[in-house]
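Accompanying notes for the structure given below.
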Amino acid sequence: MLTERVQRWREDGAVEEVHGRKLFVRRRGGGDGILLLFLHGFPSSSYDWLPLLELRPPGEATLCFDFLGFGLSEKPRDHEYTLAWQADAAEELVRRAGSPSVFVVGHDMGTSVATELMARDLRGELGMNMAGALLFNGSMLLHLAKPTLGQKLLRGHFVMVAAIGPEAAGAELLVQQASEETRDEEEQRHAEDVRDEAGVAEQRARRVVDHGPDARRQSRQEGHRGVERHAQQQGEAAHRVERMKALARRGLRVQALVLGSCTCHCSLPENG
């Protein structure tokens with residue numbers, strides 16, 4: 001049962017078919033100016049933007065839509081939900097608006113969709129001109145994210161068990177634990193490497209002071225070996241980073257099952 005306010009919001013928009021799926025789209029204004037493209041967050045809808053849109057000038061060009069699986073848009077169970085698909089939908093809707101220059105406003109999950117659009121722009125693959133972006137309350141830097149209690153509960157073990165069963169939930173927790181252990185191991189090894197290098201440098205300096213030219217030659221030789229050892233350590237670190245990315249991909253795919261058709265996961269580019 002929709003409230004009167006939501007019903008009016010629905011009547012001001014329309015359902016459009018995009019790449020074989022039905023999305024609720026709300027357009028306003030037009031002309032030759034910059035189009036404001038609003039990308040909503042999780043687990044909400046474009047209705048979040050109503051108070052802001054009411055403050056904008058009536059003739060200003062704006063476009064917002066409910067991501068697939070959210071709000072008034074279709075929620076197919078057989079669809080593989082990805083940020084890339086949502087970005088494809090955004091590009092197509094902008095194309096239908098005449099492909100004007102776009103200023104993106106992204107909130108929460110919308111910032112991740114905006115990031116996908118930016119990545120395409122950097123690769124020269126974006127089908128629209130992005131004039132700028134305003135991103136807020138996003139999770140692009142996960143180590144700086146401060147999830148609310150509700151968000152923590154959505155990621156919790158009991159929600160996973162209820163939604164996908166104990167075996168799948170257990171697998172997701174194992175992936176998370178493996179990712180955290182790999183990250184902790186990497187940080188600990190880096191700290192140990194820094195301490196070791198500092199100790200070697202101190203010993204080398206003392207020998208130079210105590211023994212003169214011969215010690216300086218030996219120090220230079222050890223320096224070359226240190227460079228080779230550092231290169232080897234960099235290669236090992238790169239391998240560990242690839243392991244972490246692989247775990248992250250697995251974790252995202254498992255977690256995408258938590259809330260069924262209403263959850264999206266990120267498709268990482270091949271180059272990481």
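All of the numbers you see were taken from the coordinates with simple rules; none came from a lab. From a predicted model like this one, the values you see are computed outputs, not experimental measurements. All Cβ positions, glycine included, derive from the backbone under ideal geometry; neighbour counts span all protein chains shown.
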Query raised in the report: Taking neighbour Cβ counts within 10 Å as the exposure measure, how do Asp78, Asp121, Asp66 sort from fewest upward?
Result: Asp78, Asp121, Asp66
Query raised in the report: Once both labels are modelled 7 Å past Cα along the beta-carbon direction, what's the Lys152-Ser99 spacing in nm?
Result: 4.8 nm
Report summary line: Fewest-first ordering of Arg96, Arg21, Arg26 by Cβ atoms within 10 Å yields Arg96, Arg21, Arg26
Query raised in the report: Looking at region 4-146, what % of its DSSP beta bridges pair antiparallel, to the nearest 5?
Result: 40 percent
Report task. Collect residues whose amide H, placed 1.01 Å from N in the peptide plane, falls under 5 Å from the amide H of Thr82; neighbours closer than 5 in sequence don't count. Result -> His265
Report task. Taking H placed 1.01 Å from N in the peptide plane, check which residues at least 5 places from Val15 or on another chain put their amide H under 5 Å from its amide H. Result -> Val25
**Report entry** Glu4-Leu122 pseudo-label distance in nm [points 7 Å out on the Cα-to-Cβ vector]
**Finding:** 4.9 nm
**Report entry** Amide H contacts under 5 Å for Leu126, placed H, 5+ residues apart
**Finding:** Asp121
Query raised in the report: What is the fewest-to-most order of Ser46, Ser112 by other Cβ atoms lying within 10 Å of their Cβ?
Result: Ser112, Ser46
Query raised in the report: From the phi of every residue in region 52-57, what ³J(HN,Hα) in whole Hz does the Karplus formula 6.51 cos²θ - 1.76 cosθ + 1.60 yield, where θ is phi - 60° and glycine or proline is x?
Result: 6, 5, 5, 8, 7, x
